[in-house]
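The values are calculated or read from the model by the stated rules, or taken from the named source; none is laboratory data. Owing to the predicted nature of the structure, the values given are computational and were not obtained by experimental measurement. As a convention, Cβ positions derive from the backbone with ideal geometry for all residues, glycine included, and neighbour counts pool all protein chains shown.
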Amino acid sequence: MTRSLALLLAGAATGILGSVLVERFAFSRLLVSVLLVVLVCLVLLGTRADLAIVHQYRLRARRKRPKIGILNDMEWGPGILKVSAWTDISPSEWQREIEKQARDKGMKLRVELMRTSNNFDPYTVVVNPYGGTYPERDLVSFQTLNNIFQYVQEGGLFVNVADIPGYWAYHSMLRKRTETAPPVWDVVSGIHLRAVRPFTVVPWMQKLGLNVVNVEAVFRQPVDFVFDLGFLSVTDSKIPGVRLHRLAIVEENMEVVHKVTMSDEAGQRKELASIFWFCMGEGSFLISLVFLSSQSQTVKEELRKVLVSLILSKLM
């Protein structure tokens, strides 16, 4: 309604300006200039070009003034483990760790808690501290999910600290989390129906084209985390005693931070990653599939430091 009115007023202003120029009324140059400015503003408003200009300005500004936002839509308290997934590190704890490492590295940046209702444009990095759960404003259209992907495609960095991104969606009005993958029905023992939710049908995984597998039965014992050589400059070479639960099959557009090798049924070796950067458009996702809350306190703290180091390495 507002934009339609703006276009209507722009038409009126054009008529007045035409009268001034054609009939040469005794108007000052100042008045003509004012009418031109008003006309341009109304056209920009009516065609939404003003939003595009502001959007591009914000995208350029965030490259010059790094700012990290940490999602804080879900109140952190005793019941948070019922809605978050495989992490017990609060948004404030992530904020303190990022600020500490940034100070130690002499980096100047802003770190603040944000909500999904915020405009993502000003943020160089957005961190989801809720693991496999993310705050979703619309469970039908997946508005927040689409906003996140647009943000990354336009150069943003989005970080998911644990588990499969977006397996659960939390709606603040319902005050509960919901599985985003639609059920696939199977017959068990020839007589019973069973609903399963494969990782491949999680909307987030479909958008990324990722193949994630459950490896809990394979890695029953903790393993030593040996990082890829390309990331030894931003983290220590090894973290002993890490428990693995999920791994993603390595794709060409991944920057792998940690990986293992397994054989498929045909005996061919395949690489699978637990922590990796996934490139999309002009930006990237940093995804850690490691369950933070199932690790020892020492391992959990080391993994948190590693993830923060990886974030800051992209801003240096």
Practice task
Scan the range 78-85 and give yes if some residue there is more than 26 Å from Leu244 (Cβ to Cβ) and modelled with pLDDT under 95, otherwise no.
Solution key: yes
Exercise for the section: Being within 19 Å of the chain's Cα centre (by Cα), surrounded by fewer than 16 Cβ atoms within 10 Å (Cβ to Cβ) and either among the β-branched types (Val, Ile, Thr) or not assigned by TED's automatic domain parsing to the domain that holds Gln153 (or both) is the filter here, so list the residues in the range 169-199 that pass it. Expected result: Thr178
Problem - Where a residue in the range 97-119 is surrounded by 12 or more Cβ atoms within 10 Å (Cβ to Cβ) and its partner, wherever it lies, is acidic (Asp, Glu), with Cβ under 7 Å and at least six apart - result: Val111/Glu99; Arg115/Asp73; Thr116/Asp73
Practice task
Report whether or not Thr87 is among the hydroxyl-bearing types (Ser, Thr, Tyr), in the same structural domain as Arg243 (by TED's automatic domain parsing), under 21 Å from Glu301 (Cβ atoms) and in contact (Cβ under 8 Å) with a residue 60 or more places away in the chain.
Solution key: yes
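Might you check whether a residue that is aliphatic (A, V, I, L, M) and modelled with pLDDT under 90 occurs anywhere in the range 207-223?
no
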Fill in the blank from the handout: If you go through Leu312, Leu272, Leu286, the only one that is in contact with a helix residue (DSSP H, G or I) (Cβ under 7 Å, 6 or more places away or on another chain) and part of a strand (DSSP E or B) is Leu286
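Do we find that Glu265 is farther than 20 Å from Phe231 by Cα and under 17 Å from the mean Cα position of the chain (by Cα) in this structure?
no
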Practice task
For Phe149, work out the one condition from (1) outside any helix (DSSP H, G or I); (2) at negative phi it doesn't fulfil.
Solution key: (1)
Practice task
Restricting attention to strands (runs of 3 or more DSSP E) lying wholly within the range 86-138, give those where 1 or more residues are acidic (Asp, Glu) and on the phi < 0 side of the Ramachandran plot.
Solution key: 110-114
Exercise for the section: Report yes if some residue within the range 236-247 is in a loop (DSSP other than H, G, I, E, B), in contact with a strand residue (DSSP E or B) (Cβ under 7 Å, 6 or more places away or on another chain) and closer than 30 Å to Gly155 by Cβ; otherwise report no. Expected result: no
Exercise for the section: Answer yes if at least one residue in the range 281-301 is touching a Pro at 6+ places or on another chain (Cβ under 6 Å) and farther than 28 Å from Ala169 by Cα, and no otherwise. Expected result: no
